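Single-structure report; data block below.
The values are calculated or read from the model by the stated rules, or taken from the named source; none is laboratory data. Values in this document were obtained by computation on a predicted structure and should not be read as measured data. FYI the Cβ positions are ideal-geometry reconstructions off the backbone, even for glycines, and counts take in every protein chain you see.
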Amino acid sequence: MKNIDRAIIIVLDSAGVGELPDAKDYGDSGSNTFGHIASSTGGINLPNMEQLGLGNLTDIEGVAQTTDCCGNKSLGAYGKAKEASKGKDTTTGHWEIAGIINKTPFPTYPNGFPKEVLDELEKRTGRKVLCNLPYSGTKVLDDYGSEQKKTGAWIVYTSADPVLQIAAHEEDIPLAELYKACETALEICHEMAPVARVIARPYLGDGPSNYKRTPNRHDYSVVPPRATLLDLIKDKGLDVVAVGKTGDIFAGVGVTDTRGTNIDNMDGINKTIKAVKEDTKGLIFTNLVDFDMNFGHRRNPEGYKDALEEFDNKLPEIVDAMKEGDLLILTADHGCDPTYEGTDHTREYIPVLTYGHGLKKGVNLGDRESFADIASTIEELILDTNELPGTSFAKDLFKCCDSGKHHGHHHGKDHKCGCK
C-alpha cells in the first residue's frame, strides 16, 4: 500500500495527553500535560489542533471534541499511543516513534555519576568537575556558576533522564572546548556508565540570577542500536530532513539533511514550513523542544500554554505548504506535566493527529499499543514494506473509490483498497 510521497512528523516535545496505565510505576499517577495546562490556566485556545481531533483524546478546557452529535468531524484521523519501551526520556520516545522499542531502559544517576567517570573526564580534559548531582539546569548555574568562574572547572550534572550535562561559561571556556569535552564524556560513559545523551549547556552572565543559557546547546547521542524508519527511507534514496534536535537524537544516522534550530520553537516551525515547501520526497522530522525545556521542566503552565497557542496559530501555514502527496502527523515523545511535582518528564500517552489530502475525516485510531505504530504506518505508505515493529494504521487513513481502487497517491497509479 504505497500512497504518499512524504511524511511530516512534528514532535511537540513533552505534550502528553494523560497518564499511561503504568504511570504509577514511574511516580506519575494522575499526570496529564495538555489537560492540566488548560485547567490550571483557565482554558486554552487551540482551534486548529481542535479540528484535527485533539479534544477527543483527553479533557482539555477550551478544546472541544470534533466528532459529536451534530456531525462535526476531525479533518483526519486521531488517536493516542502508549509507550511500549521502558522509560520516559527523549531518546527512547523518538526512537520508538521511528521504530525501535527499547525494553531495557537507559540507566539514570540519581546520586550522580560514579567517581571513575569524573576522574577520567578530568584526566582527559584537564579540567576539574563541580556538582555531579541531579539539578535544575537554571538553578545549577546560580549555585555553581561563580565557582566555575574562579576555578575553570566543568559543571557536570544530570536529571531524572539518562543524560550527562556539562555547563560552561562561554567567555571563560571556548565552545569548541566544551563540545570536545562532551564528545569525550560520551565515550567515557559508553565505557563506564551508559547514558542516552551528553548535552553541552553553554551560558553567559555575570553572577547568580543573571546567568542565562545560550542557544549554543548541542546534544551528543548514542547511535540507535538497529535500523529505524529514517534508515529505511534514506536507503531507498529518499530525503530525511531533520529539523531541530532530531538529528542529534539519532546521532545523525539515517539523516540526509540536518537543520538544527538553536533559537526557539518559532525558528523550528519556520524551518519546517520552509522544508515542507521544498520538492523533497521521504520524511521531514521536526522536534520542537521549547515545550519541554522551557516550560515543562520549569513547571510553567502559562508559558507552555502560550507556546502551544503560538504553534497552533502557525499550523495553517504548515498545512498550506503541504503538497498533495504529503501526510502530516502531530505527536509527542513523552509527557512533562508542568503542574506535576518535581521537574521530571511524566509517563503519558502521546497524541497522534493526522492531516493530508484524501484522508478520511473523523477516524478514531483508538489507543495504539506503541509509538512505533507511527513508523510502521509511514513505512507502509511510503515504502510499501513491513520491516519495523508496530501496527500500521495506514488502512484507516484513506478514502476508497467506487471502483474499489485506493485514493491518496497523485501519480495516477491504482492501489488495492485497504479501507475497511
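In table form, for the structure just shown:
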{"item": "The range 265-303: number of residues that are under 15 Å from the mean Cα position of the chain (by Cα) and either part of a helix (DSSP H, G or I) or within 24 Å of Ser136 (Cα to Cα) (or both)", "result": "15"}
{"item": "Of residues in the range 153-172 being surrounded by fewer than 20 Cβ atoms within 10 Å (Cβ to Cβ) and either closer than 18 Å to Tyr135 by Cβ or aliphatic (A, V, I, L, M) (or both), the one farthest from the chain's Cα centre (by Cα)", "result": "Ala153"}
{"item": "Residue among Ala200, Ala181, Ala160 that alone is among the small types (Gly, Ala, Ser) and assigned to a strand (DSSP E or B)", "result": "Ala200"}
{"item": "Condition check for Ile233: crowded, with 22+ Cβ neighbours inside 10 Å and assigned to a strand (DSSP E or B)", "result": "no"}
{"item": "Whichever residue in the range 206-221 is part of a loop (DSSP other than H, G, I, E, B) and buried (at least 18 other Cβ atoms within 10 Å of the Cβ) and, among such residues, is modelled with the lowest pLDDT", "result": "Arg217"}
{"item": "Of all residues making up the range 216-241, the number that are of a type outside the set (Lys, Arg), in contact with a Lys or Arg (Cβ under 7 Å, 6 or more places away or on another chain) and more than 15 Å from Asp5 (Cβ to Cβ)", "result": "3"}
